[in-house]
Amino acid sequence: MRTILLLILVIIPYFYTNAQSTKILRFDPENSTGSSVSEVFDEVNIIPLETKKECLFNTIDQLEITNNFFIILDQQTNSILIFEKNGRFSSKITGQSIGYNNGRNIVKFAYNRQTERILVPSPTTQNETLEFDCNGKMMQRIKGISSSFADLFIFSDGTEARTEYQADSRLPDSIAYELYTSKNASLRRKYLPYNKKYSPLKSKDILHSSHSKFYYQEQDTSVLFTRPYDYNIYRLTTNKLDTCFKIILPMYYSLPTKFRTDTLISNKRIQLLKEQPNLIYSVSNTYQLGNNLFIKLNSTNNNQHFSMIYNIISDKIIDVSKIKADQKSYFFAITDAAVGGIDFKNKNFVNINGNYLYTFYSSLRFFMQKEANERAGRSAIYPPHLVEYFRMGNRGSNHLIIQLKPKTN
Amino acid sequence: MILRKTSFIATVLLFCSLSILAQKKDSVNVCEAKGFVKDQANNYFIQSATVAIYKGGTSNLLGYTLTDSFGSFSIKNLPYGVPLIVVVTYTGYNSYQKKIQIFEESKLFDLKELNLEKKGDNIQVLDEVTINAKAPVSLKGDTLEFNADAFHLAPNAVVEDLMKKLPGIVIWSDGLITINGKKVQRLFVEGKPFFGGKSKTAMQNLPKNSVDRIQVYNTSADNHSIDSILNVNIKLKENKKTGIFGKVSIGLGTRGRSDLGGMINWFDSNTQIGIIGAANNSNNVPKNVNSLIQNNSFKGVGVSIEYQPDFNMPGISRSQALGLTFQHDFIENPTSFKNNRINADYFSSKINKDILSRIQTNFVNGTGKNIIQNAECKNESYSLKQDFDGTYSNKNKNFDFYITPNIFYLDEMNSNDSNTGTETDAEIPLSRNKSLDINNFKHKKALFKSGFKTRKTKNSIWDFIEFDYILDSEITTGDRKMLSEFESFEDSTNLKMFDRKYQSQTEKLSNSVFLNYRKLQDLLLKNISIWNINIGFRNNLTFNEEINSSKVFDRTSSDTNEEYLANDYLTNKNRYSFLDYISSIDLSKTFAKAFSDRYRKTTEATINLQTQYYAQKNNSEHQFQNLQRSYREFVPGFKFSFEHHKHGSFNKVYVFDFKSKVDFPSIDQLAPLTDSSSAYLLRKANPGLKRQYAQTISFTYKMSSEKVNNNLLYEIGFSAGRTEDMIVDSITYDKIGRRSIAAANADGHKYFRGNALVQRSHKIAKTSILQLTLAFSLELSKSPNYINENLNTSQNFSNYNNINVYYEWTDILAVNFQQSYSILTSTLSNGIALKNKSLRTIMSTSVNLPRETTVSSNINFVTNKNNMSMPNNLIIWNANFSARFFKGNNLEVKFSALDLLRQNKSVVNYIDGNTITTGIANVLQNYFMLTFSYYPRIFRNKKQQK
């Protein structure tokens, strides 16, 4: 009976998802090519974020972009910091002021691009969300479907999509859904069901990546969604879930076909991945801009980092680490990996807004890159705000946002 | 999967790039070659590709670097008018080679774009292939690798010679290795400790040519810790993983001096076995297997300041020693957190030592009439020591286990023939004593230690437990004969003669258990956190029992036919036992704040709520020695540490520590048996003696710079302490200078200490290294004692300053200058001051001459002055000439001239409380020695040997 149930659970997603428009992308990381910044991007903007005592932060754990602001979550300082688009500090929401204290930190927030409101799960009340405006002012407490564990995405019509996965043999024998949508606190659609007690994939098997599993698209009528041990990239709209891309990797990097469903490896998956660090366990940071799909392939090997751009028309693959900086980026590599940093390796491209893609750099790495350029005789004419930054800032200053506009072809 | 740490190795590379480029700069080496490395087929510029430039037609490496993120490189200080070969290598690609020549007029060669092709693509056909060289440096993941073959050194160079050439690496004159200011904690060969684990053993014996590559990498200090430690691993070539190295040497000198040695060590991938023997009569007394191995190091082609015989060591020692060492790894590739290893060391030594000394001790007794004791002693000793140490250790990710058995045997004989006399400071004789004391004892000891440690596994209650058990069983048997004749000139009736024999046996059995549970809050509070305070429960229980039986016999006349009669007072059977239980609740809290790519600050505070229960019991045939006491004390501790690491700049550590400690009086202090045959020193009882309670606070600050070519380490420390009821000597002098000493309690002990150490190393271009070490220490203290029942508090001041400058120029010259100056003064309560000053200067130099010859010399000036006797000066000058022969430098002939200025004496000089002691002792005398040494050295695997 249990086997039949499991079989049904495996098959069900195929009824819910429509594979007709799925494009197969063959990724051979070994055969990616390089390029230069000016060949890949139309525009590169470097925005240093203001440094002063009240807005000093550790790193950017989450970045949301509004028309006027950068909203940054820094878990270590337990705060959501709001900077103007020119980098000037505007305001902040401290975790302590809203009840995140005694070792509890804000670990995620959501941003409603329509209402321009910041949504933070209540630290004290289940199913309650705190809503703030972009000046950091609390507007209201909203009751409804909420779980502090879930990743949240809000469509332009107000439909909310959530994803969470909790499977453990100690949980009740009941069906849950990995992905569901709701509107006005009532459930609308449920996708990807699993049995909380008997699912072969347990919560302990999941290696989380740093980003939420939802990735904005140029138009916010749809969102891309990925999950661990699944090489499909799903497109979710307010009423439909599609598999829009299917990644096929060379055998050397590829998980065994039943890796997600094999009951024999329950609770052992993370150990198995550590023993075979070359295996790609998930696909993340998927952003489609024009014909280019940006993608990150994750493995447990600290020395294996694949951040790629797949052109879905020409099927050409560019390795982001092989994009050479040039005058367009003032000879700054677009990621800190070129100067020994780990921010890009960990966080990759953190978000998009319209046609722009975003990542960030620490000031230490930025200054190191500048000094390396000066030693090598690479000189660029910096825009005034960067001249000012180099004059006033130092290696300990706040991070810089890198805003990139990829070419559309 | 989140990377939590900034890559130190990657940062090393970035900061290192300049030093890699640094070449010897002169009027010829003024040119530059630059270009880009590109994978044309895949349209990208390759980062971290290795570009090396060799002198044409040779494999002489002139410069090398790694390409930056633009694929670009620039190598400076190249010669003009010489054919050069550029070699570019990168993992997964065919190497690229190109001949170039730079002209004097242009001084720059732009190679523009150098195209690499992937292996397996079309094979790159190069019509210019001229040399087959490996990339000097490469980055494999987070491991920086230096390929040994890329560095061309003399054929007989060793690993140490190679490491001195590598960028960012500093080998300090005291043996410390740092890489960009960070200390190398462990040096492995094939991932394992090499013949005892001392880095010098591997660095000075393994030939550079047997090394494939030197790897530098970080591992975390503990499996779950964010702190990281730096490791160096020497990876041997596939066909050099088996080796034999050793030394056979014969040294013959004037005055009958000889120095013989032999060592043979064999190793393969899993096993290391060594046998070492030594025999000499030149005061070179080895202490253990490790010191034997280090004395026989091959050393390479570089210069070094060598060990010299100690001409300050009193007496002449003849020693023979034998050592065996064994290590076997049961798993192929052990790591710091996974190993299964057995070690066994055996060490045996036989030492004969003769000391002739003439010592004067000035007792300042506060009466204004000081007593001076003059002693002439002839001391002969013999000892046979055998020591076996074994260790089995098994470590895995969550669990460490070890067993260490130790068996020790010592057979020692001491004969002391002395003539002692006392006189007033006006040289009026007061008394004399002639004694012959022959003491023979055998000590057998079996020590067994075993324990385990768990780390965090599954959040179970079995995490973070440390357990150790120690069993110590010892038997000491003694046989002593004492003949003495004491005469007082003050009182002619006071003539005492002793002919006394002692037979004694002590049996000791001690059991200790240590248990530390570092997560008590999880057990008691079920994961309820109280301000994230970690609660540990530490227990140390020792039960010790000693049965001591002694039989003492006296003969009252010098008639050898007379029988010895039992001495009822000193003949005794004693059973002494104590139980020591230390229990502590340790409260600790760690605050860590790390700002990505900026800094990491870690603060840790620990409070030890420690109590100690100590119970002692003594049963003796003498009623006054029967006692039973117990103590209960609160001995708290507190430690606060703060570490600030700023990426690429510095690492600073501040530690504040408060400790308290209790010492309990021993039975020998409470109720000793007074042996009156000891003419000038009689022990008296004090049954009312209390325990002493000491409290100390200390502060240390350590800084290490992480800047390339400017390695700076410094350390500053202060400590202060006070002791309540300190157990001190209460000394009573009689009219003729005899002392009777009883232990007594006195308050008023206080001290303050300060010390500073600065170490700086500077690489000058590629050719020279200058290292500077400054050390300073200061102590102010008040130490009480009783003199003739009056409390005397001596105010002591001591100061020590040391400067050490070491300079090394290529492989040719090493110079070391070391000077230390120390002052010690002790002012008694009555204002009388004892002062002592000492200045020591050592100048050493070593020069490598052509044809593998070396000349070295060192001069050691010592000046001692004190305000109670004449100053003492000493100049010891030694010189050596050595030459090495054969292709592998296997034969060394060395001529040494020692103590050329014929000082022939050693100086004894110290202040202790109210006494100042000066004198001289016999030492090694001027001699010349010719030494022949042969170093068997075979490094290849078994197949090749066949």
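With respect to A:SER397, determine if the residue is more than 8 Å from every other protein chain (Cβ to nearest Cβ), farther than 19 Å from A:PHE83 by Cβ and in contact with a Phe, Trp or Tyr (Cβ under 9 Å, 6 or more places away or on another chain). Taking the combined requirement at face value, the residue does not satisfy it.
Each residue in region B:670-691 was checked for being under 37 Å from the mean Cα position of the chain (by Cα) and buried (at least 20 other Cβ atoms within 10 Å of the Cβ), and 1 pass.
Looking only at region A:336-368, which residues are aromatic (Phe, Trp, Tyr) and in contact with a helix residue (DSSP H, G or I) (Cβ under 9 Å, 6 or more places away or on another chain)?
Here is the first cut: in region A:336-368, the ones aromatic (Phe, Trp, Tyr) are A:344, A:349, A:356, A:358, A:360-361, A:366-367.
The answer is A:PHE344, A:PHE360, A:TYR361, A:PHE366, A:PHE367.
Within region B:543-596, restricting attention to residues that are hydroxyl-bearing (Ser, Thr, Tyr) and within 14 Å of chain A (Cβ to nearest Cβ), which residue is surrounded by the most Cβ atoms within 10 Å (Cβ to Cβ)? Don't jump to the end; show me each part of the working.
In the first step, residues of region B:543-596 are kept if they are hydroxyl-bearing (Ser, Thr, Tyr); the result is B:549-550, B:556-558, B:560, B:564, B:569, B:571, B:576-577, B:581, B:583-584, B:588, B:590, B:596.
Then drop every residue that is not within 14 Å of chain A (Cβ to nearest Cβ), which leaves B:590, B:596.
On the way: B:THR590: 13, B:SER596: 23.
Checked region B:543-596; the qualifying residue surrounded by the most Cβ atoms within 10 Å (Cβ to Cβ) is B:SER596.
Quick check: anything in region B:788-800 buried (at least 16 other Cβ atoms within 10 Å of the Cβ), closer than 30 Å to B:ILE371 by Cβ, β-branched (Val, Ile, Thr) and free of Cβ contacts under 8 Å to residues at least 60 places away in the same chain? So far as region B:788-800 goes, yes, one or more of its residues are buried (at least 16 other Cβ atoms within 10 Å of the Cβ), closer than 30 Å to B:ILE371 by Cβ, β-branched (Val, Ile, Thr) and free of Cβ contacts under 8 Å to residues at least 60 places away in the same chain.
Across region A:50-77, what is the number of residues that are part of a loop (DSSP other than H, G, I, E, B) and either over 20 Å from A:GLY396 (Cβ atoms) or at pLDDT below 90 (or both)?
Kept after step one, since they are part of a loop (DSSP other than H, G, I, E, B), are these residues of region A:50-77: A:50-52, A:56-61, A:66-68, A:75-77.
Within this subset, residues satisfying the condition of being either over 20 Å from A:GLY396 (Cβ atoms) or at pLDDT below 90 (or both) are A:66-68, A:76.
Here the count works out to 4.
Matching residues to (1) without any contact (Cβ under 8 Å) to a residue 24 or more places away in the chain; (2) outside any strand (DSSP E or B); (3) farther than 21 Å from B:LYS905 by Cα:
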| position | (1), (2), (3) |
| --- | --- |
| B:PHE817 | no, no, yes |
| B:THR825 | no, no, yes |
| B:LYS835 | no, no, yes |
| B:SER838 | no, no, no |
| B:ARG851 | no, yes, yes |
| B:ASN858 | no, no, no |
| B:LYS865 | no, no, no |
| B:MET870 | yes, no, no |
| B:LEU874 | no, no, no |
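Restricting attention to region B:901-913, does a residue exist that is touching a strand residue (DSSP E or B) at 6+ places or on another chain (Cβ under 8 Å) and at pLDDT 85 or above? Yes, region B:901-913 contains a residue that is touching a strand residue (DSSP E or B) at 6+ places or on another chain (Cβ under 8 Å) and at pLDDT 85 or above. Restricting B:SER435, B:SER450, B:SER393 to those that are surrounded by fewer than 16 Cβ atoms within 10 Å (Cβ to Cβ) and touching a Ser or Thr at 6+ places or on another chain (Cβ under 8 Å) reduces the list to B:SER450.
Could you list all residues from region B:648-667 that are over 24 Å from the mean Cα position of the chain (by Cα) and assigned to a strand (DSSP E or B)? If the condition is that a residue be over 24 Å from the mean Cα position of the chain (by Cα) and assigned to a strand (DSSP E or B), then B:PHE650, B:PHE656, B:PHE658, B:LYS659, B:SER660, B:LYS661, B:VAL662, B:ASP663 are the ones that fit.
For every residue, the table says whether it meets (1) modelled with pLDDT under 90; (2) in contact with a strand residue (DSSP E or B) (Cβ under 8 Å, 6 or more places away or on another chain); (3) β-branched (Val, Ile, Thr).
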site	(1), (2), (3)
B:VAL211	no, yes, yes
B:ASP222	yes, no, no
B:ILE226	yes, yes, yes
B:ASN239	yes, no, no
B:LEU260	no, yes, no
B:ILE264	no, yes, yes
B:GLY274	no, yes, no
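Before we move on, is A:LYS328 closer than 22 Å to A:LYS405 by Cβ and surrounded by fewer than 21 Cβ atoms within 10 Å (Cβ to Cβ)?
Details: closer than 22 Å to A:LYS405 by Cβ: yes; surrounded by fewer than 21 Cβ atoms within 10 Å (Cβ to Cβ): yes.
Answer is yes for this residue.
Only residues that are at pLDDT 90 or above and either over 17 Å from A:ILE312 (Cα atoms) or surrounded by 20 or more Cβ atoms within 10 Å (Cβ to Cβ) (or both) were counted across region A:23-34, and they come to 1. Being among the hydrophobic types (A, V, I, L, M, F, W, C) and assigned to a helix (DSSP H, G or I) is the filter; apply it to region B:182-206 and report the residue that is surrounded by the most Cβ atoms within 10 Å (Cβ to Cβ). For region B:182-206, the residue satisfying everything is B:MET203.
A:TYR198 - would you say it is modelled with pLDDT of 90 or more and not in a loop (DSSP other than H, G, I, E, B)?
Numbers: modelled with pLDDT of 90 or more: yes; not in a loop (DSSP other than H, G, I, E, B): no.
For A:TYR198, the condition - modelled with pLDDT of 90 or more and not in a loop (DSSP other than H, G, I, E, B) - is not met.
Where strands (runs of 3 or more DSSP E) sit wholly within region B:325-431, those with at least 2 residues that are in contact with a helix residue (DSSP H, G or I) (Cβ under 7 Å, 6 or more places away or on another chain), over 30 Å from B:PHE489 (Cα atoms) and of a type outside the set (Val, Ile, Thr) occupy B:339-363.
Scanning region B:413-421 for residues that are buried (at least 16 other Cβ atoms within 10 Å of the Cβ), under 30 Å from B:ASN343 (Cα atoms) and in contact (Cβ under 8 Å) with a residue 60 or more places away in the chain turns up nothing.
Could you go through region A:380-387 and let me know if any residue there is within 14 Å of chain B (Cβ to nearest Cβ) and buried (at least 19 other Cβ atoms within 10 Å of the Cβ).
If we filter region A:380-387 for residues that are within 14 Å of chain B (Cβ to nearest Cβ), which is where we start, we get A:380.
Those left that are additionally buried (at least 19 other Cβ atoms within 10 Å of the Cβ): none.
No, the conditions are met nowhere in region A:380-387.
Report yes if some residue within region A:79-98 is within 14 Å of chain B (Cβ to nearest Cβ), in a loop (DSSP other than H, G, I, E, B) and more than 27 Å from A:ASN184 (Cα to Cα); otherwise report no. No, that holds for no residue. When B:ILE530, B:ILE535 are checked against the criterion of being among the aliphatic types (A, V, I, L, M), over 30 Å from the mean Cα position of the chain (by Cα) and either assigned to a loop (DSSP other than H, G, I, E, B) or within 14 Å of chain A (Cβ to nearest Cβ) (or both), a single residue qualifies: B:ILE530. More than 12 Å from every other protein chain (Cβ to nearest Cβ) and modelled with pLDDT under 50: is that true of B:LYS55 in this structure? Considered against the rule, which asks whether it is more than 12 Å from every other protein chain (Cβ to nearest Cβ) and modelled with pLDDT under 50, B:LYS55 comes out as no.
In region B:576-647, which strands (runs of 3 or more DSSP E) lie fully inside it and hold 3 or more residues that are within 32 Å of the chain's Cα centre (by Cα) and either touching a residue at least 60 places away in the same chain (Cβ under 8 Å) or more than 30 Å from B:GLN505 (Cα to Cα) (or both)? Show your work before the answer.
On the way: elements: B:599-620, B:627-634, B:637-646.
The strands (runs of 3 or more DSSP E) meeting that bar are B:599-620, B:637-646.
Looking at the structure I just gave you, is A:LEU297 touching a helix residue (DSSP H, G or I) at 6+ places or on another chain (Cβ under 8 Å), crowded, with 20+ Cβ neighbours inside 10 Å and either outside any loop (DSSP other than H, G, I, E, B) or away from chain B (no Cβ under 12 Å) (or both)? The answer is yes for A:LEU297.
Annotation: A:ASN102 fulfils all but one of (1) free of Cβ contacts under 8 Å to residues at least 24 places away in the same chain; (2) over 19 Å from A:ASN351 (Cβ atoms); (3) outside any loop (DSSP other than H, G, I, E, B); the unmet one is (3).
With respect to the stated conditions, A:GLU374 is within 14 Å of chain B (Cβ to nearest Cβ) and among the charged types (D, E, K, R).
The values are calculated or read from the model by the stated rules, or taken from the named source; none is laboratory data. This is a predicted model, so every value here is computed, not measured. All Cβ positions, glycine included, derive from the backbone under ideal geometry; neighbour counts span all protein chains shown.
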